1. Tally up the carbon and sulfur contribution to the accessible surface of segment B:13-128 as a whole percent, 1.4 Å probe, everything protein left in place.
2. Hey, what's the Cα Rg ratio for segment B:190-283 versus the globular rule of thumb, 2.2 N^0.38 Å?
3. According to a simple spin-label model (label point 7 Å from Cα along Cα-to-Cβ), what is the distance in nm between A:N143 and B:A337?
4. Quick one: net charge around B:I186, please, counting Lys, Arg +1 and Asp, Glu -1 for every other residue with C-beta under 14 Å from its C-beta.
5. Going down the list B:K58/B:K103; B:K59/B:K94; B:K113/B:K338; A:K62/B:K338; B:K37/B:K103; B:K208/B:K281, which pairs span over 19 Å between their C-alpha atoms?
6. When the accessible area of segment B:190-283 is computed with all protein chains present and a 1.4 Å probe, what percentage of it is carbon and sulfur?
7. Between B:L70 and B:Q207, what is the label-point separation in nm under the 7 Å Cα-to-beta-carbon projection?
8. So how much accessible surface do A and B hide from each other in total, probe 1.4 Å, in square angstrom to the nearest 100?
Amino acid sequence: MKKDLKIIFTGPVGAGKTTAINAISDTDTVSTNESSTDELRYRKNTTTVAMDYGIINMVDNKRVHLYGTPGQERFDFMWDILIQGGMGLVLLVDNARPDPLEDMQFFLQRFGDFIQRTRVAIGVTRMDISSTPRLNEYQALLNDQTRNIPLFEVDARVRQDVSILVQSLLHSLDHQKRE
Amino acid sequence: MQARETTIEAPPVRIAALGIDERIRNSLRLFFHDSCKDRFQLVEEETADAVIIDLDHKKGVRLAQEQRQLHPSTPVIVISREPRETGSLISLLKPLKKRSLAKALLRAEAQAKEPQNLSSTLPSLQIATAPAMPAEESGDDVVMEGAPSSSAGYQIARHLAEKDIHAFLGSTPDIDTNSAQQQTNIRYDPNSFFQGKLRQITAMMKQKGQAVRLQFSDEAFIILYPDEEIAQINMSESRLGALSAVPISPGGLSFSFCDDLFSPDEVAADSLMRLDALMWKTALWASRGRIPYDTDLHRAVALDRWPNLTRLLLLPNTLEIAALWAEQPHSLIETAAKLKIPQRYVFGFYSAVFALGLANTGETMKSLDYIPIAADAGEKQPTSTSWLSNWIPFFRSKNG
Ligand SMILES: Nc1nc2c(ncn2[C@@H]2O[C@H](COP(=O)(O)OP(=O)(O)O)[C@@H](O)[C@H]2O)c(=O)[nH]1
Ligand SMILES: [Mg+2]
């Protein structure tokens, strides 16, 4: 396996991408923020417009580079640039948004080609704020996917949660059937 | 785009606080997080690298003795109001001071690393963590004295100390599949253990839609709530472990339907456990690295879906086995060989996913009468008393 891996974090604004990358990175992450405009009604006072970046040092000297996609569709063009060379996708879905199931479908669709070539792992965040929909509703939608996708409840602020999510993705990549 | 890199070797040192009330626990959490930059982490007893015991607690002395007997190599820090004869234990006087507590923790850490230089079974993809030195701060009081707590401590343990792994995975060596005797040694009947009773009772409960109370003694009980898919567990972790690890005679378990309304406010948050986490854990305790008796060692196993592993007890190589079975079905024997891990790790994981109804071996699955429990979040838990929130301070959250 190559020594360095590139993993992309994506998901709607506020799902916890910046937080998750921060929580798991061994470095101080670099993120370029611009103040939110008012039409973005989010509790956050900054929102990511460029990208988040962090590194995980693995036990065996591998390094995993983490990149977060800017969350707003006006920066959509960057997504395709960002995923170049990516080995896998971490999708964070904010369970407290109006239609998180639809959010998941949107992102799975949007990154469909990429996921087909690589692997994806899904973390449902903010379940402490909104406990519904429940994980089995997500699972039901995932039954349509060709692959068995790791899906966990994740609190993006909790390193261990993010770590398990990322490890599930890395191990899936490790064991993928080479067609 | 630049990033500063820090390379780190050691995972956080896991500390269990025994006989220590919630207020002091919280202070410890804060201290570990703020002053020690998460070099230390508060965990359950079963996963601890070192323990802190309050000798002023009515069970304190006994807890300390038990520790010595059960885990002689685990460093023990004892705290007390009056000076005491504590032998080889690291002792501290109350009220605790940051500086002396930090020193005691560092001593405990050093002791924990000395005795057994266990070869690591961590998966190669294990992510290194980033502990920092405790800040040597002025001697402010960090922890006040508080009333002893009787809480049983049911946070979801996610990581195990290696020395305690045998409680869940046993120590049976790899078997020769040609030996009939060895084939029997690795099998057990889930239905004769608490695991099986729990499965039956849960199925009934879901049909009736009514809570169930399992009474074990005057004080010890478990209430299962169908809608919330939560168990309230009123017994110690070790008692639950003992209950789960030994076969239960027919009729040896009394339960009744009850109409207790689930009111998490009145229940100590740490006595709550998700049903799937309970079934998972009781299955591991029962199996101790064995498999249900009619399992075919050579039949390929697929994972129907990923269990909610962020909220379940993780054993060595759990993520690796799950990923393998999610990607490419393998038999139990092949799995151990391919991943180069002890067979009992694979067997234990199989028994746990089997208990949740997620292990798919083709035919056997169809005869399983178990209705899988949705691996979802505990519903209706108020955010303020969410037991999950107890975990949050353990980890870095730079974004506040
Ligand atoms: N309560 C709660 N807050 C969360 C959780 N995950 C992330 N957050 C918070 O959600 C907010 C938005 O996260 P952020 O990383 O900025 O989202 P991004 O837009 O995807 O980068 C932050 O304040 C996080 O601390 C969670 O599971 N529970
Ligand atoms: Mg962001």
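1. Details: 2720 of 5200 Å².
Answer for segment B:13-128: carbon and sulfur cover 52 percent of the accessible area.
2. So segment B:190-283 has a normalised radius of gyration of 0.99.
3. Taking the simple label geometry, B:A337 and A:N143 are separated by 3.5 nm.
4. Values: positive: B:R187, B:R288, B:R290, B:R344; negative: B:D174, B:D176, B:D189, B:D294, B:D296.
Net local charge, B:I186 excluded: -1.
5. Numbers: B:K58/B:K103 26 Å; B:K59/B:K94 17 Å; B:K113/B:K338 31 Å; A:K62/B:K338 21 Å; B:K37/B:K103 15 Å; B:K208/B:K281 25 Å.
From the list (B:K58/B:K103; B:K59/B:K94; B:K113/B:K338; A:K62/B:K338; B:K37/B:K103; B:K208/B:K281), the Cα-Cα distance tops 19 Å for B:K58/B:K103; B:K113/B:K338; A:K62/B:K338; B:K208/B:K281.
6. Details: 1890 of 3810 Å².
The computed percentage sits at 49.
7. Computed distance between label sites B:Q207 and B:L70 equals 3.7 nm.
8. Details: alone 9540 and 19410 Å², together 23950 Å².
By this definition, chains A and B bury close to 5000 Å².
The values are calculated or read from the model by the stated rules, or taken from the named source; none is laboratory data. Computed from a predicted structure; not experimentally measured. No Cβ is skipped: glycine too gets one built from the backbone with ideal geometry, and neighbour counts run over all protein chains shown. The protein model used for the area step is the full one, side chains on, heavy atoms only, and it has no ligands, DNA or RNA in it. Shrake-Rupley method; radii C 1.70, N 1.55, O 1.52, S 1.80 Å.
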